[in-house]
Structures are given as structure tokens and as C-alpha cells.
1. Among B:141, B:193, B:35, which one shows the highest mean-square fluctuation when chain B is modelled as a Gaussian network with alpha-carbon springs under 10 Å?
2. Between copies, how far apart are the residue B:46 label points? List them in nm, one decimal, shortest first, with each point 7 Å from Cα toward Cβ, please?
3. Under the Kirkwood approximation for Rh and a Cα-based Rg, what ratio Rg/Rh is obtained for segment C:101-144?
4. Which residue, C:68, C:96, C:108, has the most motion in a Gaussian network model of chain C that connects Cα atoms within less than 10 Å?
5. Would you order B:51, B:164, D:26 from fewest to most other beta-carbon atoms within 10 Å of each residue's own beta-carbon?
6. Give the nm distances, rounded to one decimal, from residue A:204 to the matching residue in every other copy, measuring between label points 7 Å along Cα toward the beta carbon; shortest first.
7. What order do you get for B:162, B:48 when you list them from fewest to most C-beta neighbours inside 10 Å?
8. So between residue C:159 and residue C:207, what do we pick up on full extension, going 0.36 nm a residue minus the alpha carbon distance?
Protein chains: 4
Amino acid sequence: MFPMERRTPSEAVRVSYNAIAGGSLERLSALSDGIFAVAMTLLVLDVKPPEAPEVHNGPQLAVALVHLAPRVLMFAMSFLTLGIFWTGQQTQLTHLARGDRNLGWLHLVFLFAVSMMPFSTMLLAQFIALRPALGVYWANILALGVMLFVSWRYAMRAQLVKPEVPHAARCAIERRIVAAQLLYAVGALLSFIHPYFSIGFIIALQLYFAIAPRWPGKSAGAA
Amino acid sequence: MFPMERRTPSEAVRVSYNAIAGGSLERLSALSDGIFAVAMTLLVLDVKPPEAPEVHNGPQLAVALVHLAPRVLMFAMSFLTLGIFWTGQQTQLTHLARGDRNLGWLHLVFLFAVSMMPFSTMLLAQFIALRPALGVYWANILALGVMLFVSWRYAMRAQLVKPEVPHAARCAIERRIVAAQLLYAVGALLSFIHPYFSIGFIIALQLYFAIAPRWPGKSAGAA
Amino acid sequence: MFPMERRTPSEAVRVSYNAIAGGSLERLSALSDGIFAVAMTLLVLDVKPPEAPEVHNGPQLAVALVHLAPRVLMFAMSFLTLGIFWTGQQTQLTHLARGDRNLGWLHLVFLFAVSMMPFSTMLLAQFIALRPALGVYWANILALGVMLFVSWRYAMRAQLVKPEVPHAARCAIERRIVAAQLLYAVGALLSFIHPYFSIGFIIALQLYFAIAPRWPGKSAGAA
Amino acid sequence: MFPMERRTPSEAVRVSYNAIAGGSLERLSALSDGIFAVAMTLLVLDVKPPEAPEVHNGPQLAVALVHLAPRVLMFAMSFLTLGIFWTGQQTQLTHLARGDRNLGWLHLVFLFAVSMMPFSTMLLAQFIALRPALGVYWANILALGVMLFVSWRYAMRAQLVKPEVPHAARCAIERRIVAAQLLYAVGALLSFIHPYFSIGFIIALQLYFAIAPRWPGKSAGAA
């Protein structure tokens, strides 16, 4: 966490700001948790209760609530998405021994994509049958995956990963991102048949990632 | 926190992402605190000050503020509810030695229910006399309780609980959730007499949980 | 943090949930920081930029911005208030060796008052010349002070304070709260002359608390 | 973190609240991360999806999304700005051995400027061609820089910096702030030619700070 310690005073005649800036994994984790928390909570806040003048009794309210159900489902899907990427980022950061300024910036770009998620979700909820809305949503997921992949690759190249992490674990993290993104891409392509296919496929995919069932006859390592 | 250390390199020929993902209790606590903080603060933000054109002098403003009182009470009730479940989740997590990916997902579902709380509260504040609004509110509390119960059961089965936690403490946590949810269910059923009975009962219940008085002649263990 | 360790298994035949719940100072601090952060940021978000149709050129925009100045000042004042109470709460918590369930609930009530601050501020900004608006604002500050005082008293009585904290420091924390609240009460009473006196006095007070100048000829201990 | 330990009981006949208040760097970091997280996420939330009645098919939605692009760019710029200052603040705090009350208040003023950023950004997005909007935006960046500079100077004078931090690193932090602010001032002055020049220059500047390329033939220390 404190790179200065490895220099002798004579070496450090002129120190670059960039060499000493932004290496705290704790602060990066805390900022990430904050941004995820705000994005996740605001997502659901967009589900507004029905207007009072249109509802006069219990059955009318029940009907209005049923009409809200697809919107709630859409937000549940985005909560799930953010949960998946929160787990993914956390997995990476807990495997790192230290951070540096570049890693911090790669994760800030990742967090920018996180903070775009409420917008993409609202867009998809409003235009669920239109392909550009789905395109934006998929592009957002793609950006999240790409940034996680790039930051992990960077962490390995810059030797930020804890030395005791075995090669197999390093590969597992990479493999998971690539596999997931390939499947999301398939989901996005399904929108050329119909956007509903696409959304159904993506929801199924995310439930699979969250629940992570173990198929009989397959080893745990294959999931 | 770092499961890799318990494997020899030869064992880990192919490592599952799911085996190494998402086990950080610190990150889970931080995300939880963030989501609770946003949900609790936004709850109260929905209490809007009266509109300027309708209020011209002090007494008019005082009257407008008195009319806001039931709304403030409703939000105080939800703040209380979230406080109770925040305490409950914290109690569980401080008794765990470590987390894993499944526990993380059980808590993410719990946090989804937390993030739904502002919606349920606004709905109830708007339609306080209609039974479906109370039904949604109660279902939200039920979901919070069920997820806490399930995650605690999972933690015990997966041996995530600190070994020094005695059996009696494990039971106390479980017993509390079940007892509370039974009482909430009674509260929900009271709405078949009148929703106001139901709300009054739930508020009394939550004040009881928060204040936790000790009855004379009963041991502390009985509360 | 883990009260179970001090019991032998035979003692703990039946353990009360309340005896083991909610004692984590770390979680309480994190929740508090989250609620303060949301309340402080949302305060300023209420300062809306002027509407586009009413502004056509630079000078018009400059005039519109000058008209926003009192609103910005009002929010700066509330940011200051929350900063003062954030510092106060932090000072208490860093002097505690451990927490318990009751302390947690006293702080949750404190945090409820924190989350009411954006409402009180918006109310005062909208009705700056009306006494009930100032009354609500002052009641909010009073609630913050009372809860800090009560929680500190509780912490001392329940022996949660670190044993090495000298008596003089314990008194300093108490004295500060009482002195500040007496001055705020004077500020509130000034509103019977005119609300502007009151607001001016409170702003001056808070700048004094934040800047904490040392008067020549007085010891540092007298502030 | 606990200044009392360095006093003998006899010395501390009367302890000043200000001497023991607000020295926790952990709490300051946590509050900062929270405020940055909320400000960063809310920035992007202002990008509203197009209205449903105006959009009937995919191509219309695509056009509406293209029209949103400059707004998204503007918010990306502010996310970048906040990212730069978050990195800057973090760099300072990780070099400190301890905090005190004054440092806390300098950072609270810094955080006030952080929380003003969504307002400045919305203002600039709405009046991108008007000089006062750019003036407010630049003043906000200036305030962030000034507060970072002042708090670092204070930390050095009050000997809060970790003793092992070499002189060169202390200078690097200062130099960076001054250089950046001079360049931002140049950017602001460019608005007298045209606001677009100014915005283009500032965006280029911030990408430079974030990416931090190493020019061939220059040492890392020169950046």
C-alpha cells in the first residue's frame, strides 16, 4: 500500500505523482460498494406506486400492482446483473495483493458502466420491444465484462495478484468472463428473432450464474 | 477469505470460478451498509415540504406540517423496520468466520428486498386504507425474514459460523426470526378486521423489537 | 465484539437474541457514513439549475445564478450542520471499546434525525421568513444533539467507553453538546424578533464550531 | 487515533473537545467514498431515457439515443473529474499517519465541492454555450484543487504525514495539484475565444490525467 518504502531516499530525487497515487484497494472497494449500492437501490426506486386518483378500492389497486409486475421483473433482472458483476469484481480484488493507479482507473471505468446501468434498465423497461434499447442494455453488460477482463489481465501483468494464487484460479476468473460474455452475445443476437427471446435468454443466463447449480455427473470445476 | 491456500497445486488442476468467487464478508457488509443507508435516507426524502403557493403565513404552514405528520410516521415505521433487519443481518454476519458465494447470493436477494422497502412504504402511505397495499408491505417484511432465516440456516449447514458460537446462540438467532415473523403474520391477518388495526399492531411490534424492554420476573433470555 | 466468548457453555443454556445482537461498531460506523453521505449529497442536489426557456444569454444566466445564491447558502449551512454532527458522532464512537444493541438503536434514532435533515432544510429554504419552518429546523438540530447526549451517557453507564479515556475527556464531550444546544436554543428564540436574526446567529455559530478559532489569552481547553 | 494516550491524567485537568474530536482517517475515508459514490452515480441518473410518446419504432429510438450522446459525454467528463479528485484525495490520505479535527474540516469543505459537482455538471449540460455555466464548472474544479492543496499543506505543517514519506513524494503531490490547476485555468481562459474550445481542452486534460501516458524520452518522474 505504500510504495515509498521500497525506495532509498537517494533514488527518489524526483518522484512522479503517478507512481504514488491511488493504490489503496480498501478505498477502491469502498467506492465500488458505494456506487453499486446507490445504483442497485435507485434501480428499484424507479418503480413508482400507482397514482391515487386512478385507484379507489382494493381490487383496483391489486390490478394496478399486477400491471407493475413486468417493471419489477425488469429491475430484478438489473439487480441480478449488478449482483453478478459485484461478485465478479470482489473476486478479483480479494485475489490482489496491492493496487496501483492504473488498476484504479480501469476500475473507475468499470464503475462508470455500473452507474450507467439504471439508465440502460429504464430505457429497456420503457422500450422493451425495440431493438436499440436491448442493444444499449447489452452494450452496457459488454462494457462491464470487458473492463473486468482488462483489469484482471492488467493485474496479472503488473504482478498485483497475490503470489499464492495458483495458475488454475487465475484462469478460472478469465474463463468465466469470456464464457459469460459469449453467452450474453448469443442473447443479444437472439433479438434479431425477437427482443423477447433475447430478454428471456438473458434472464435465464443470469439466474444460472446466480444460482450456479451443479449438474450431476459433472465436476464442480466445469461450471 | 482466501480458499486457495487450502489446496495443493496438484489438486487444483481445474478450479471452478464459483469455488473462489464472492467470499468476502467485508465487501458484503459494506455493500449492505450502503444499500441500507440509501434505502433509509430516500425513504424520508419522499416527505416533501408543502408547496409555496398554498402557504402564506406561519399558521398556514403549521397546519400543512400537521397534515404531513402521518406520512412522517409511516416513514419512521419503515426506518424502524430497516433498522431491525439491519441489526438482524449484522448479528448474523458478525457470528460468521467466513463467507462463500452462495451466502453472498442469499444476502443479495435479502438486499433486493431491502431496496424494495421504499416502494412498499410509498405504496402503503398512499393507500393506507386498502388491503393490497398492506399485503405488499407485509410480503416485503416476510421476504426479509425468510431470507435472513434461509441465509442463517445455510451458514450453519455450510459451517461458516465461528466454531466458538455456542449452540444456544445459534438457536436464539433462529428463534427470534421465527417468532417475529409469526407476530408479523398476526399483524397482517388483523387487516381483515381493519387495515388500521394491522398498522397499529405492526408499529407496536417494531417498537417492542427496537426498545426490547425486560419484563419483571422474566429472565433476559426469554425476550 | 463477540460476547459469547465470555460465557461458559453451561451458563448459556438459553441465550437471548438481544444479548448477542447488533454490537458491531464497524457496521454502525459504516451505516452512519453511508446515511451522512447520502443526506449531504442529496441536500445539494435540490439546488436545481435555472430552466432553459427563461435564459437566453450569458448575462441572463449570471442573474439567474445570483438568485440561486441564498439557496446554495442554505444548503451549505445544512452541510455544515451535518458535518458538525458527523464529527461529533465519530468522536464518540472512536472512544468506545465496543458497542451493544441498545447503543446501536440510540444511534439509529440519531441517524433518523440525520435523514430528516434534507426535509428540514428544503422546508426552511422554501419558507425562510416563517417561524414554523425555523422551528422544525431547530427541532431537528435539537434531536441530533439530544440523541448524541443520550447515547454518550448510555455508553458511559454501560461501560462501553475505552477504559483509558480519562474523566476529563468524557466531560469534554458532554459539555460540548450541552453548550452547543444551549446556543442553538438561543438562536431559535431569536426568531421571535425575526427569523433572519435566528438564521444569521445559527450560521455564525456553526462556522464557529467548524473553524474553532483559539481566542488569545484563553487556553485551548476553554473552546 | 487516540490522542488521550499521550497525556498523563494530571495534565488533562480540562480537556478541549476540539483536541479529541474528529481524528479518524477511516471514518473520513468512508464518508468521502460515500459522497463520491452518490455524486458519481447521481450524475449519470440525470441522463433520462427519451419519452415514450415521441418514439414509436427502433430507428426513432436510435435517433433519440444519438441526441442523448452529448449529455452522456458531459456526464462522463464529470465522472472523470470526480475520479481524478477521488484518486488525489486517496493519495493524500494514504500518506497520512493520523488525522485531526482541522484536517477533517478541510476535507469536509472539499467534500462540499464534490457534492456541488452534479449541479455544476447539469448547469453546463444545459447551457453549454454560455460562459457563466463554464465559469461555475471551472470554479468548482478550482475549489476542489484549492482544498486538496490546503489540506495537504496543513497535513505537512501539523506533522500528520507518515514520517517515512520522503520529501520528494511530498513535493510531487503539491506539484501535481498546482500544475493541474494552472492547466484548468488555461482551459477556463480559452472560453473567451469560445466555450467549446474550453470544454475540449478540459476533456483532453482529464483524459491525460486519467491515462497518464509516458512520453518516450522522458522519465516517469516528469509526468
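Coordinate-derived values only; no laboratory data. Bear in mind that the values here come from a model prediction, so they are computed numbers and not experimental data. Heads up, the Cβs are rebuilt from the backbone with ideal geometry, glycines too, and the neighbour counts pull from every protein chain shown.
1. B:193
2. Ordered by increasing distance: 1.8, 1.8, 2.6 nm.
3. On the way: Rg = 12.2 Å, Rh = 10.9 Å.
Across segment C:101-144, the Cα-based Rg/Rh ratio is 1.11.
4. Checking each option, the largest mean-square fluctuation is seen for C:68.
5. Values: B:51 9, B:164 12, D:26 18.
Fewest to most other Cβ atoms nearby, the residues stand as B:51, B:164, D:26.
6. Ordered by distance, the counterparts are at 5.1, 5.1, 7.2 nm.
7. Details: B:162 14, B:48 11.
Ascending number of Cβ neighbours within 10 Å: B:48, B:162.
8. Details: separation 48, 0.36 × 48 = 17.28 nm, distance 3.35 nm.
Value of the extension gain: 13.9 nm.
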